[in-house]
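Working notes, beginning with the structure itself.
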Amino acid sequence: MQSITQKSLYERAASVLPPAALRATTLGVTKGSGSFLQSEDGRLYLDFASGVGVTNVGHNHPIVMEKAKEQLEQLIHGGHNVVYYPAYIELAETLIRLQGGGCKVYFSNSGAEANEGAIKLAKKASKRPGIISFKRSFHGRTMATTTLTASSSLYRKDYEGLLPSVYYADYPYALRTGLTEEEETKRCLERLDEIFHYLIAPDQVAAIIMEPVQGEGGYIVPPAAFLKAVREICDAHGILLIFDEIQTGFGRTGKMFAWQHFGVKPDIMTLAKGIAGGFPLSAVVARTELMDQWAPGTHGGTFGGNPVACAASLAVIELLEGGLLDNAAAMGRYFQERLNELKQTYPAIKVIRGLGLMIGMEFMTEEGHPDARSVSLLKEKALEKQLILLSCGTDKNVIRFIPPTSVSKGEIDQAIAVIRQCLAEIFG
Ligand code: PLP
């Protein structure tokens, strides 16, 4: 418990941290367990943010802790540039099994670093310069991944002079264009074709990088037909398809990877966030023929594939395969049903969408404009009632629900009760 005179973590942070990172709350926390975080003043918060899709098996899962501790006793760092160690190899073997074989794995530390690796690999293997990304996408904060990202000009402001030969295609968002899903798919494919026609010939494009469900951009689920068509275009022109599964991966959507919902397999896949239950770890998973062209010394890093993170990741996979994937799918359906009940009462809720426990709730005003104000109020009021929510969307008008895959019906009901109360306060 904090004494009255003691400064909060938030108050202490102001004099030691730059304002660069946009924090969703001013909350200071000391502990986590399952779906809950404990604040520095001892209150329990229901956490439906999961550290932005990281603690996918819940905070401090006992099995993750046990496996990490066992590894801690054995070896904390070996250095994958220096030696081989069991957890690293075993995790690579396991990820290859999960991906269906025919691939190899390279470990790094963060999502951005994995995406950097993926585009370096695509360039190295194809010997082509161009990359196509999508509007509303988010791929990270390093210079190259800032270039790939196209969800906010704020992320790029004053950093321009970014990576050359990157082009941006349209990602289907029928709700906003007012078209049917079929018309929207066609429109986006025509835009892609325009890029090839006006800007860069397809045989100059190394890769198309996309999130199979856009995260930061608004929890937007594309039509399967769009992903299938992009796959066909890549095959026709020898372009590599990279799926950034950093937010969609590791059970978030009720399957291990989101591509499994669409039946469209990428050539290269990037993983991070939920991969190791909260430990920093990321991975590039790519077809063997591509990986075998990544000659020694052409990519690297000191900490990638840390033994403790790899051991934790193996525990996460065991838990997901042992029942949490099924729970995520079932709880995702239940949560969407309950949210849809709220939608009946509040017309400002335009749509509930998502896969598994990656659920977006988009708000529009009566005039049909993105309603960022209601989203901001909902987040604020929910936090006062000890429920942590995040928003997303290029217009900040989408609430994103990211509970752990271990979430229970009771916890979802608790969240729904809070949201219902907040909506009543906002809309009367
Ligand atoms: N790609 C996606 C889809 C993400 O959501 C994120 C982070 O939010 C990243 C990449 C970047 O990951 P990191 O913050 O670990 O660099």
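Nothing in this text is a laboratory measurement; each read-out follows from the coordinates by a stated rule. From a predicted model like this one, the values you see are computed outputs, not experimental measurements. Neighbour counts run over all protein chains shown; Cβ positions are idealised from the backbone, glycine included.
DSSP finds beta bridges in the chain, and of those with both partners inside it, around 65 percent are antiparallel. With a Förster radius of 25 Å applied to the C-beta separation of Ala21 and Gln260, the computed FRET efficiency comes to 0.15. Backbone amide hydrogens, once placed in the peptide plane, bring Ser108 within less than 5 Å of Ser282, Ala283, Val284, Gly305, excluding anything fewer than 5 places away on its chain. The helix-only estimate of mean residue ellipticity at 222 nm for the chain, built from DSSP H runs of length n ≥ 4 each weighted as -39500 (n - 2.57), is -12000 deg cm²/dmol after division by the residue total. Ordering of 297-306, 405-414, 279-288 by packing is 279-288, 405-414, 297-306, highest average first (other Cβ atoms within 10 Å, averaged per residue). Estimated from the Cβ-Cβ distance and a Förster radius of 51 angstrom, the FRET efficiency linking Asp41 and Glu160 is about 0.75. For the range 159-172, backbone phi angles converted through the Karplus equation (6.51, -1.76, 1.60; θ = phi - 60°) give residue-by-residue couplings of 9, 4, x, 8, 5, x, 6, 10, 10, 10, 9, 8, 9, x Hz, Gly and Pro being listed as x. Taking the Cα centre of the chain as reference, the dipole from Cβ charges on Lys and Arg (+1) and Asp and Glu (-1) amounts to some 400 debye. Shape call for the range 252-369 from the C-alpha gyration tensor, a ≥ b ≥ c root eigenvalues: rounded (a/c under 1.5), prolate (a/b greater than b/c) or oblate? In terms of gyration-tensor shape, prolate. Using the Karplus relation 6.51 cos²θ - 1.76 cosθ + 1.60 with θ = phi - 60°, the per-residue 3J(HN,Hα) values for the range 293-306 come to 8, 7, 5, x, x, 8, 7, x, x, 7, 8, x, x, 3 Hz, with x marking Gly and Pro.
Here the Gaussian network model covers the chain, with springs between Cα atoms less than 10 Å apart; of Ala312, Ala229, Ala49, Ala229 fluctuates the most.
Rounded to the nearest 0.05, the FRET efficiency derived from the C-beta distance between Leu75 and Leu175 at R0 = 60 Å is 0.75. Put simply, the C-alpha atoms of the range 62-319 give a gyration tensor, and the ellipsoid matching it has half-axes of 32, 20, 17 Å, longest first. Close amide H partners of Val29, meaning residues 5 or more places away or on another chain with modelled amide H under 5 Å apart, are Glu40.
The label-point distance for Gln421 and Ala236, in a model that sets each label 7 Å from Cα toward Cβ, rounds to 5.5 nm.
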